[in-house]
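J.: Here it is, the structure, as structure tokens.
The values are calculated or read from the model by the stated rules, or taken from the named source; none is laboratory data. In this text the structure is predicted, and so the values were computed from the model without any measurement. Cβ coordinates were reconstructed from backbone atoms using ideal geometry, including for glycine residues, and neighbour counts include every protein chain displayed.
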Amino acid sequence: MTGPTPYVLSESEVLSRLRSKRGETGYRAMFSSWLGGIITDPALMQIPLDDHLVHRGHGVFDTCTLSDGRLYRLGVHMDRLLHSASLARIEHPWSKEELIQMVADTAGKADIRDGAVRYWLSVGPGGFSPSPQECPEACFYCVIFDPIPLGGAHSDPLTDGISEATVRDTPMKPTLLATIKSNNYLLNVLTHMEAVDRGGTFGILVDDDGYVAESCVLNVVFVTENGTLRTPPFDGILFGTTVRRVMDLASTVLLEEGLVSSVVQSPILASEVSGDLVKEMFLCGGDTHLYPVISWDGTAVGDGQIGPVAERLTELLDGEAFGGAPGDPVDFIDVNYEH
């Protein structure tokens, strides 16, 4: 069966179809340096098809959280974006402060005080070759949108926990791509899809020597039988902002409360997780996302229940970002909604 004969659309037809396809998307505001302004109509939130971000993956991105009119940990995330851009050899004219201001200005036009923030730095549009020399200007894009569950999950992970599966057929990223938060996430997507096929959620990657690496978009953390909070070194995996905050909180609050005995980054064999060697396992990312893993490859982790460390860390992360807990003042940037 053949499709309808294509014909040239008028401007009004294009706009009408864009609006009918977008519907209620939850996209509140978008900044485009290419257009030089902020867009609030979701139908018009577009990126040029010949931007190398789209067809070559030559772009980097990062995120942060909008909470009660404040941008949470934007500075930390922006540091990682700029590091990724340097590794990806993306030349651009903006300072960290200017990029932060563009994100804050976009949030100020979003008409929401709680939401998700995502932004990209690209070599820009200019053609379909692999060479960025055809791109006359780097581009920065930012979108403010309603928060959605990571991975489309609808259950409460702190109530239900998640099951995980070892990903065996999808290869790990080479070190360079693993340490750049780039727009090339095909292996991440395939990792997630294979995990679901195997009865998991996000997937656990294990290297050729049997050591745990990371999940598709999350870092992996364990609590051992002696109370040590342990996570793999950042060699060859993403330099996670949330897992670093988890280690900070564990080294201070949880250590003082007696929930952990120490905090270390060291390689951990997947085989160590079986039996009684690990009491808790969880995945974390996206500032506040923490997913307790209650089973791995069909075997219970610990006693198969959500543990006290995961519960307390979730409370601390949510309290800092959403609940009015003080946190570090440098982690919060107030959004101006009046301009």
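J.: Could you tell me whether segment 209-227 includes any residue that is farther than 15 Å from residue 289 by Cβ, touching a Gly at 6+ places or on another chain (Cβ under 6 Å), hydroxyl-bearing (Ser, Thr, Tyr) and in the same structural domain as residue 284 (by TED's automatic domain parsing)?
T.: No: segment 209-227 contains no residue that is farther than 15 Å from residue 289 by Cβ, touching a Gly at 6+ places or on another chain (Cβ under 6 Å), hydroxyl-bearing (Ser, Thr, Tyr) and in the same structural domain as residue 284 (by TED's automatic domain parsing).
J.: Under 23 Å from residue 47 (Cα atoms) and buried (at least 16 other Cβ atoms within 10 Å of the Cβ), is that true of residue 71?
T.: no
J.: Please enumerate the residues belonging to segment 160-195 that are touching a helix residue (DSSP H, G or I) at 6+ places or on another chain (Cβ under 9 Å), farther than 15 Å from residue 237 by Cα and either free of Cβ contacts under 8 Å to residues at least 24 places away in the same chain or surrounded by fewer than 18 Cβ atoms within 10 Å (Cβ to Cβ) (or both).
T.: 166, 168, 169, listed by residue number.
J.: Something else: Among strands (runs of 3 or more DSSP E) lying entirely in segment 127-225, which contain 1 or more residues that are within 17 Å of the chain's Cα centre (by Cα), at pLDDT 95 or above and of a type outside the set (A, V, I, L, M)?
T.: In segment 127-225, the matching strands (runs of 3 or more DSSP E) lie at 139-145, 219-224.
J.: Six or more apart or on different chains, Cβ under 9 Å: which pairs go from a residue in segment 237-248 that's under 15 Å from residue 79 (Cβ atoms) and touching a residue at least 24 places away in the same chain (Cβ under 8 Å) to one that's part of a helix (DSSP H, G or I) and among the polar types (S, T, N, Q)? Could you list them?
T.: Hits for this filter: 238/179; 239/179.
J.: Out of all the residues in segment 10-42, which are in a loop (DSSP other than H, G, I, E, B), surrounded by fewer than 14 Cβ atoms within 10 Å (Cβ to Cβ) and modelled with pLDDT of 95 or more?
T.: Of everything in segment 10-42, those that are in a loop (DSSP other than H, G, I, E, B), surrounded by fewer than 14 Cβ atoms within 10 Å (Cβ to Cβ) and modelled with pLDDT of 95 or more turn out to be 10, 36.
J.: Also: From the list 66, 81, 99, exactly one residue is at pLDDT 95 or above, assigned to a strand (DSSP E or B) and on the phi < 0 side of the Ramachandran plot. Which is it?
T.: Answer to the check: 66.
J.: Which residue pairs have Cβ atoms under 7 Å apart, sit 6 or more places apart or on different chains, and have a first residue in segment 92-114 that is surrounded by fewer than 17 Cβ atoms within 10 Å (Cβ to Cβ) and a second that is acidic (Asp, Glu)?
T.: Pairs found: 113/68; 114/68.
J.: For the list (1) surrounded by 19 or more Cβ atoms within 10 Å (Cβ to Cβ); (2) within 18 Å of residue 145 (Cα to Cα), I need the number of the one condition that residue 123 fails.
T.: Only one criterion is unmet by residue 123, namely (2).
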